[in-house]
Amino acid sequence: MRIGDLAAVSGVTAKTLRFYEQAGLLPAPPRTAGGYRDYPQQTVRRLSFIRDAQGAGLSLAEIRSALALRDAGASPCAHVTALVEAHLQDIDRRLAELRATRAVLRGLAERASATDPADCTDVEVCRILTRAGTALADGEHRHGRG
């Protein structure tokens, strides 16, 4: 199957197919007598796997490693399971960070709603975002202890 046909069937552009070949995700296909790429039919399934893996958040390097195992005759399922678990742990960590950031932002929003911009001094950029936005810290700054 020529590159244009594969692109039409798989929904991937010819440019992407050439990129996948250069990146080691697709093996170099045999060439026709005229020098055109002649992809085997199973390339459609391989492209489907690549797209599904990308949709699951796997990097091209991770996808390449799973494909290399399959190409070597081994099942990549244990490897893919480890990749999925690692991605889940990363997402859980990022979600915890986002929850902590949301809590900080909620506190800042409360501070903002209680702050009169006219009360800001020339030495402050904006007391909403300054950790020293409390009365004690303000007193320390005014008396030179901050």
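The values are calculated or read from the model by the stated rules, or taken from the named source; none is laboratory data. Not measured: the values here are computed from a predicted model. Cβ placement follows ideal geometry from the backbone for every residue including glycine, while neighbour counts extend to all protein chains displayed. Each accessible area value is taken on the protein alone, full model and side chains, heavy atoms only, with ligands, DNA and RNA left out. Shrake-Rupley method; radii C 1.70, N 1.55, O 1.52, S 1.80 Å.
Quick notes on this one:
- Evaluation of S75 against (1) closer than 30 Å to L26 by Cα; (2) free of Cβ contacts under 8 Å to residues at least 40 places away in the same chain; (3) open to solvent by 60 Å² or more (accessible area, probe 1.4 Å); (4) in a helix (DSSP H, G or I) (one fails), failing number: (4)
- Residue selected from segment 1-17 under the condition open to solvent by 80 Å² or more (accessible area, probe 1.4 Å) and hydrophobic (A, V, I, L, M, F, W, C), by the criterion nearest to R45 (Cα to Cα): V9
- Here L108, L83 are screened, and the one residue that is modelled with pLDDT of 95 or more, open to solvent by less than 60 Å² (accessible area, probe 1.4 Å) and aliphatic (A, V, I, L, M) is L83.
- Residue list for segment 22-40, filter: of a type outside the set (S, T, N, Q), without any contact (Cβ under 8 Å) to a residue 12 or more places away in the chain and either part of a helix (DSSP H, G or I) or open to solvent by 50 Å² or more (accessible area, probe 1.4 Å) (or both): A28, P30, R31, A33, G34
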